[in-house]
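The values are calculated or read from the model by the stated rules, or taken from the named source; none is laboratory data. No experiment lies behind these values; they were computed from the predicted model shown. Using ideal geometry, Cβ is built from the backbone for each residue, glycine included, and neighbour counts are taken over all protein chains shown. Calculation scope for accessible area: heavy atoms of the full protein, side chains included, ligands and nucleic acids excluded. Shrake-Rupley method; radii C 1.70, N 1.55, O 1.52, S 1.80 Å.
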Amino acid sequence: METNVTLQRAVDLACHSPFVRRTEKVSLSGAAGRVLAEILTSKVDDPRFDNSAMDGWAVRATDCEIQESILSISGTSKAGGETPPRVAQGEACRIMTGAPVPEGADAIVMVEDSEEVGNTVRILGPARPGYIRKKAENLEVGQEALEKGTHLGPAEISLAATMGHGEIEVVVRPKLAVISTGDELVPPGAELSDGQIHESNSYGIAVLIEKMGGQPIRYDVVHDTIDGLRETLDIAARECDAILTSGGVSMGKWDLVRRLMEEEGDLSFWRVKIRPGGPPLFGTWKKTPLFGLPGNPVSSHVAFISLVAPWLSHCMEAHPENGPTIGDRVKVKLTEGVKGAPGKLCMRRIRIETGEDGLTASVHTHQGSGNIHSMVAHNGLTLLPPDTDAKAGDIIDALWCR
Ligand code: AMP
Ligand code: MG
């Protein structure tokens, strides 16, 4: 077991114990938020045929060179309609957006630039070749357009549909057990007795898991007993691909996750050089990967973002740029000084704003690791290297979590 490792070392160690990635075919309508498990190539040309970008007239550009030329109307081309007749010299075919450009025509006149007179049309504006959307100008049959590991959002889903994929192969959402530990924890909505607090970590962690393309399985709070914890871990190890606990990983007498993993689990590391979120551990429980996240609410979120999220991406074989993510790495200019942490990567909460000269970042609330409000009042985390303070005006690396 290694202790007090760098974040990179922690991620590397965890990546040695992935869960088994499985894939499944799903219908496109249910694929949002999933991770694509195959390369998707287009089954069609896009556009499928030359078509009009405007409602108007399909014409021969040379017929419109003299001002206010009058053309006879040859027919109509409607999206999804019958094949329009060929446009001969001196003719114009009425055409709708997306409708096929009839043979013979090489330009479009917008309806706004025309005046219909009986069965003729007077051309009052330019005939534009550029208003013809050419066959396959976007995608050709067989072109690879969605990479393996892509997180499927609205545009990716639309593109897959355009390319003709009604069903696609995606990564099975890994089931991640979410287990909070602590005698003081009571579900939100329940009455609080003296010394009790609302359990919050499992709710936020579950959302983070969903954002990363996983399926959270929340368990009832485990009280601070070794037997209760062991029992829940055994159930979770059978039911889930991996286990995330929160709380019980520090130096306290009741920090039982750490004790149980030390005594009966297979520990890979404990403590990571990050602030906040320093005490996480990782190992396997009955061969199931287990992250012991810290109990402090901010720490549990930050440890998930910095440690669990990259591990999940690795296990799902997510694409490094297009895969699911919780934050984007950016450069920000500090509007005030921010203190780093001795020996640790420092992830202070910052509010990132867009301004005329790029992204700026400022600090607004108390930064205590128990203050989950600070994660709402801010939308980013500094990535200050160990032993590095930053002053107003410095440009630093940060994670923009939107
Ligand atoms: P622990 O690591 O178990 O000592 O917990 C550290 C701090 O986080 C304590 O103040 C706990 O009350 C708090 N905490 C632990 N788990 C949770 C949770 N699931 N929801 C909210 N606060 C928690
Ligand atoms: Mg505790």
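Antiparallel DSSP bridges in the range 173-308: what percent, to the nearest 5? Walk me through the numbers on the way to the answer.
Numbers: 9 of 25 bridges.
Taking every DSSP beta bridge within the range 173-308, about 35 percent pair in antiparallel fashion.
Leaving out ligands, DNA and RNA, and with a 1.4 Å probe, what % of the accessible surface on the range 108-157 is carbon or sulfur?
Values: 1390 of 2900 Å².
Here carbon and sulfur together make up 48 percent of the probe-accessible area.
Give, rounded to the nearest 20 debye, the magnitude of the charge dipole that the chain has about its Cα centre when Lys and Arg contribute +1 at Cβ and Asp and Glu contribute -1 at Cβ. Don't jump to the answer; show the numbers that get you there.
On the way: 41 positive and 55 negative charges, 181 e Å.
The dipole of the chain has a size of about 880 debye.
Treating cross-link reach as a plain straight distance, find the lysines whose alpha-carbon is under 18 Å from the alpha-carbon of K339, omitting any fewer than eight places away in the same chain.
List returned: K273, K331, K391.
Can you give the accessible area of T162, probe radius 1.4 Å, in Å² rounded to 10?
70
Given the rule -39500 (n - 2.57) for each run of at least 4 DSSP H residues, summed and divided by the residues of the chain, what is its mean residue ellipticity at 222 nm, to the nearest 500 deg cm²/dmol? Don't skip to the answer; put the middle values down first.
Details: 8 runs with 72 residues, N = 402.
Taken over the chain, the calculation gives -5000 deg cm²/dmol.
Sort out for me the Cα centre separation of the range 73-98 from the range 337-382, rounded to whole Å.
Cα centroid of the range 73-98 versus Cα centroid of the range 337-382: 60 Å apart.
Ignoring ligands, DNA and RNA, what percent of the 1.4 Å accessible area of the range 1-106 is carbon and sulfur?
Working: 2640 of 5550 Å².
That share works out to 47 percent.
If you put +1 on each Lys and Arg Cβ and -1 on each Asp and Glu Cβ, how big is the dipole of the range 262-337 around its Cα centre, in Debye rounded to 20?
Working: 8 positive and 8 negative charges, 61 e Å.
It works out to roughly 300 debye.
Sort out for me the Cα centre separation of the range 166-225 from the range 226-250, rounded to whole Å.
Each part's Cα centre sits 12 Å from the other's.
Calculate, for the chain, the solvent-accessible area per residue in square angstrom, rolling a 1.4 angstrom probe over the heavy atoms of the protein chains.
Details: 19150 Å² over 402 residues.
Ligands and nucleic acids excluded, the result is 48 Å² per residue.
What's the magnitude of the charge dipole for the range 148-260 around its Cα centre, counting Lys and Arg as +1 and Asp and Glu as -1 at the beta-carbon? Answer in Debye, nearest 20.
On the way: 10 positive and 17 negative charges, 94 e Å.
Using Cβ point charges on Lys, Arg, Asp and Glu, the range 148-260 gives about 460 debye.
Only residues of the range 343-358 count here: report those whose backbone N is under 18 Å from the spot 7 Å along Cα→Cβ of R9, or say none.
343-346
Relative contact order for the chain using alpha-carbon pairs under 8 Å, separation at least 6, rounded to a whole percent?
Working: 989 pairs, mean separation 67.9, N = 402.
About 17 percent, as a whole number.
Checking the cross-link filter: which lysines have an alpha carbon closer than 20 Å to that of K43, excluding same-chain neighbours under 8 positions apart?
Cross-link targets: K25, K134, K135, K148.
Which percent of the accessible area of the range 196-346 is formed by carbon and sulfur heavy atoms (probe 1.4 angstrom)? Mind dumping the intermediate values first?
Working: 3000 of 6140 Å².
Accessible surface attributable to carbon and sulfur in the range 196-346 totals 49 percent.
Take every DSSP beta bridge whose two residues both sit in the range 231-358, then give the antiparallel share in percent to the nearest 5.
On the way: 11 of 17 bridges.
Once the DSSP bridges in the range 231-358 are tallied, antiparallel ones form about 65 percent.
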